[in-house]
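For reference, the structure discussed in these notes is given below.
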Amino acid sequence: MPRLSDIVLATIYEGIEEAAAEHGLSTFVTNTRDEPEVQRAWTEMVLGRRVDGLMFGDAYIDSRFLDALAARKVPFVLVSRRAGDHPSVTCDDYLGGHLAAEHLLALGHRSVAIIAGEPYTSTAIDRSWGFIDTYAEAGIEISSEWVVHSRFDAPGGRAAVEHLLAGGPTPSAIFAVNDFAAIGAIGALRDHGLRAGTDVAVVGFNDTPLAAELPVPLTTVKSPMHVMGRRGLELLVRLMKGEDGQSERLRPTLVVRASSTTTTRPASAVQGG
């Protein structure tokens, strides 16, 4: 499981464990820290324990490792991230990016930046492009300089905003493809004398439990994580029985809170702080 989205994946795992109990199955979890070498080592370890099936929450978009695993006829399902044609249950992340963009467009934001996450993950790719394409359809091109990749955590979001603000004008809105990165972004804005929801609109993704409890509650795209875990386990059970199983993308929803209630303003120089 990824090292940087532990709360997200813990919520998914709750759904997995709940559904597994209903099927009379036991589960255990390993942490690969989102590192391919560790993923491979742990996979061989659990296969050595003669498990019936595997679920991955840390798939890379490059699916060669999973291709090789599929060739060995190992039943497995991906959750949270997709890769190749392998069976998966994910959020419709592209739609989620679209929802975030529609929201900011409706508020009049034209100078927007994206904290785009890790480029090797489907979540980062799909959420970013859902946002970018929606702005393009509205006749607004988002400069590549305002699309910054980062780790999926608060320090990553902070570093991304520091990079954005060092480049000149301040965007009127920021879309972070992960709530933790959004939280780091809010901290960086604060240190520059800018307040989320007043000076810069901020939108995250996932609706982690912390999002609603921040001093400025975070607008975010809600991913149905618990349902994702349940559906993923149910898909794995079908595959373990030798039945066909179809990948599924679950519909996200937008949860509007105070961090995106800012009114639009022209891009301005970074304030000191």
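The values are calculated or read from the model by the stated rules, or taken from the named source; none is laboratory data. Small disclaimer: the values here were computed from a predicted structure and weren't measured. Counting neighbours? That spans all protein chains shown, and the Cβs are built from the backbone with ideal geometry, glycine included.
Where in the stretch 49-145 are the strands (runs of 3 or more DSSP E), entirely inside, with at least 1 residues that are over 19 Å from residue 32 (Cα atoms) and either modelled with pLDDT of 95 or more or more than 20 Å from the chain's Cα centre (by Cα) (or both)?
Once the strands (runs of 3 or more DSSP E) in the stretch 49-145 are filtered for at least 1 residues that are over 19 Å from residue 32 (Cα atoms) and either modelled with pLDDT of 95 or more or more than 20 Å from the chain's Cα centre (by Cα) (or both), what remains is 88-91, 112-115.
So for the stretch 140-155 (the condition being out of contact with any helix residue (DSSP H, G or I) (no Cβ under 8 Å at 6 or more places or on another chain), among the charged types (D, E, K, R) and without any contact (Cβ under 8 Å) to a residue 12 or more places away in the chain), does at least one residue qualify?
There is no residue in the stretch 140-155 that is out of contact with any helix residue (DSSP H, G or I) (no Cβ under 8 Å at 6 or more places or on another chain), among the charged types (D, E, K, R) and without any contact (Cβ under 8 Å) to a residue 12 or more places away in the chain.
Among what's in the stretch 116-153 and is hydrophobic (A, V, I, L, M, F, W, C) and under 23 Å from residue 250 (Cα atoms), pick the residue that is surrounded by the most Cβ atoms within 10 Å (Cβ to Cβ).
Of everything passing the filter in the stretch 116-153, 131 is surrounded by the most Cβ atoms within 10 Å (Cβ to Cβ).
Going by what's in this entry, would residue 95 be described as in contact with a Lys or Arg (Cβ under 8 Å, 6 or more places away or on another chain) and either among the small types (Gly, Ala, Ser) or over 18 Å from residue 234 (Cα atoms) (or both)?
yes
Out of (1) hydroxyl-bearing (Ser, Thr, Tyr); (2) buried (at least 23 other Cβ atoms within 10 Å of the Cβ); (3) more than 16 Å from residue 128 (Cβ to Cβ), what's the single condition that is false for residue 220?
(3)
Among the residues of the stretch 184-197, are any in contact with a helix residue (DSSP H, G or I) (Cβ under 7 Å, 6 or more places away or on another chain), under 20 Å from residue 123 (Cα atoms) and either in a strand (DSSP E or B) or at pLDDT 95 or above (or both)?
Among the residues of the stretch 184-197, at least one is in contact with a helix residue (DSSP H, G or I) (Cβ under 7 Å, 6 or more places away or on another chain), under 20 Å from residue 123 (Cα atoms) and either in a strand (DSSP E or B) or at pLDDT 95 or above (or both), which makes the answer yes.
Condition first: part of a helix (DSSP H, G or I) and closer than 25 Å to residue 107 by Cβ. Now tell me which residues in the stretch 204-248 satisfy that.
Answer for the stretch 204-248, where residues must be part of a helix (DSSP H, G or I) and closer than 25 Å to residue 107 by Cβ: 210, 211, 212, 213.
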